[in-house]
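Heads up, the thing below is written out as structure tokens.
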Amino acid sequence: MHTLSVDLDERSYPIYIGSGILADHELLNRHVAGRQLMAVTNDVVAPIYLENVRAAYPGATWSQVVLPDGEANKNLGTLGLVFDQLLADRHDRGTTIVALGGGVVGDMAGFAAACYQRGVNFIQVPTTLLAQVDSSVGGKTGVNHPLGKNMIGAFYQPQCVIIDTDTLKTLPARELRAGLAEVIKYGIISDSEFFSWLEKNYQELLNLQEDALSYAIKRSCENKARVVAQDERESGIRAILNLGHTFGHAIETEQGYGEWLHGEAVAAGMVMAADLSVRMGLLGANDGVRIRRLIEAVGLPVMPPGSMTRQDFLTRMAVDKKVIEGELRLVLINAIGDACVTADIDTVALAGTFSAGQNLCA
């Protein structure tokens, strides 16, 4: 088992990564202060893992809420089901919420924990690759709105993150590939050595090779933890973690939440960001090609939906957390391993990026 730390002074917490660690009852128990627990999961994960997690807390007073699966259900209405159960079962401020599932479950359970009685403890137990390397780490919680993705939420850190790599054995192949988008992101924004490793080893990840998966998850979490420790509330450098996300969120919102998986939309968004970076003279054309080829090699989209127009993108991108006083900022790429956030965007170059079939990174 690997143990990492997200260093945030009194809010610091560990990330545990290993095979079969959900069966380690002592590991789970050390982060539960009281006897009340609420499991928040979904109808796909619950039949596979819920009883294992409940068994780790013998003698506890358990509640559970099983949410419908999918990004389309990440909204205030579904979030209300969590509060309904917490109140119906009379949970107090000593309760611990256990988020068991992918990024949707983790985001909603964390937001519920941030809000319930103005804050209760929670533990992240991510069961998808995307959640393991990204959404479970760093304390971003929230829900979607029809006009914008993740626009309602809070920064709220968990007590710990428990990543059992065995859960990936039950993950659909499409979900695994979607998670690789976030893994690749870390190589692009701050870790060129890791990017080169991914170019050589992506097939081992697709084949669920244990050593490769553990290494990729650990390296991804190390990269994210380092950035979060510097900028917990995304007032500066943490924004680089959003590479491809402004384009990607526009795709998700325009197409309807759940039509494109988050990782799929981010993958296309990262290629668009690379293309724009090449057009603006920031990124060398060869690096742009490497980014596109790796994303394509793992089976992810490298082009946005053909139905989306330039105006569709601009309308959706105007409702983005990186818009400040009406000014759009984007994460662009200087070189593989070096990203930046800028509002100095060449509008002619951006128009070229929106033009289907003219991708400079092809």
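The values are calculated or read from the model by the stated rules, or taken from the named source; none is laboratory data. The structure displayed is predicted, hence computed values, not measured ones. When we count neighbours, we look across all protein chains shown, and the Cβ atoms used for this are built from the backbone with ideal geometry, even at glycine. When the accessible area is computed, the model is the full protein with side chains, heavy atoms only, and any ligands, DNA or RNA have been set aside. Shrake-Rupley method; radii C 1.70, N 1.55, O 1.52, S 1.80 Å.
Working from label points 7 Å from Cα in the Cα-to-Cβ sense, the Ser355 to Ser196 distance is 3.5 nm. Think of the chain as a dipole: +1 on every Lys or Arg Cβ, -1 on every Asp or Glu Cβ, centred on the Cα centre; then among Ser307, Leu205, Val65, Val65 lies furthest on the positive end.
Each residue of the stretch 263-278 was assigned a 3J(HN,Hα) from its phi angle through the Karplus expression (A = 6.51, B = -1.76, C = 1.60, θ = phi - 60°), giving x, 5, 5, 5, 4, 4, x, 5, 5, 5, 5, 5, 4, 4, 5, 5 Hz with x at Gly and Pro. For His2, the accessible area of its heavy atoms, probed at 1.4 Å with every protein chain present, is near 80 square angstrom. I'd like the FRET efficiency for Asp43 and Gln117, computed as 1/(1 + (r/R0)^6) with the beta carbon distance as r and R0 of 25 Å, rounded to 0.05. It comes to 0.40. Straightening the chain between Ala362 and Arg226 buys 45.7 nm, computed as 0.36 nm per residue apart minus the Cα-Cα spacing.
The Cα atoms of the stretch 5-107 give a gyration tensor whose axes a ≥ b ≥ c have a/c under 1.5, which makes the shape rounded. When GluC sites (Glu not before Pro) are flagged only if DSSP places them in a loop and at most 15 other Cβ atoms lie within 10 Å, the longest unflagged stretch of the chain comes out as 1-258. In this Cβ point-charge picture (+1 for Lys and Arg, -1 for Asp and Glu), the chain has a dipole of about 260 debye about its Cα centre. Between the labelled values [x] 25; [y] 32; [z] 37, the entry that holds percent of Cα pairs over 33 Å apart as derived from this structure is [x].
Note that the stretch 57-206 presents 34 Å² accessible area per residue, ligands and nucleic acids not counted, probe 1.4 Å.
Subtract the Cα-Cα distance of Ala318 and Asn334 from 0.36 nm times their separation in residues, and report this length gain in nm to one decimal. Using 0.36 nm per residue and subtracting the Cα-Cα distance, I get 3.4 nm. Here the Karplus relation 6.51 cos²θ - 1.76 cosθ + 1.60, evaluated at θ = phi - 60°, turns the backbone of the stretch 286-293 into coupling constants of 5, 5, x, 5, 4, 4, 4, 5 Hz, with x for every Gly and Pro. Taking the charge dipole of the stretch 98-180 about its Cα centre, with +1 at Lys and Arg Cβ atoms and -1 at Asp and Glu Cβ atoms, the residue from Asn150, Ile162, Val120 reaching farthest to the positive side is Asn150. Taking Cα centre as origin and charging only the Cβ of basic (Lys, Arg, +1) and acidic (Asp, Glu, -1) residues, the dipole magnitude of the stretch 51-208 rounds to 340 debye. Fully extending the segment from His145 to Glu296, taken as 0.36 nm per residue of separation minus the present Cα-Cα distance, adds 51.4 nm.
Put a plus charge on the Cβ of each Lys and Arg, a minus charge on the Cβ of each Asp and Glu, and nothing anywhere else: the dipole of the stretch 1-131 about its Cα centre is then about 280 debye. The accessible surface of the stretch 12-130, taken with every protein chain in place and a 1.4 Å probe, is 51 percent carbon and sulfur.
Taking 7 Å steps out from each Cα toward its Cβ at Asp9 and Leu76 produces label points 3.2 nm apart.
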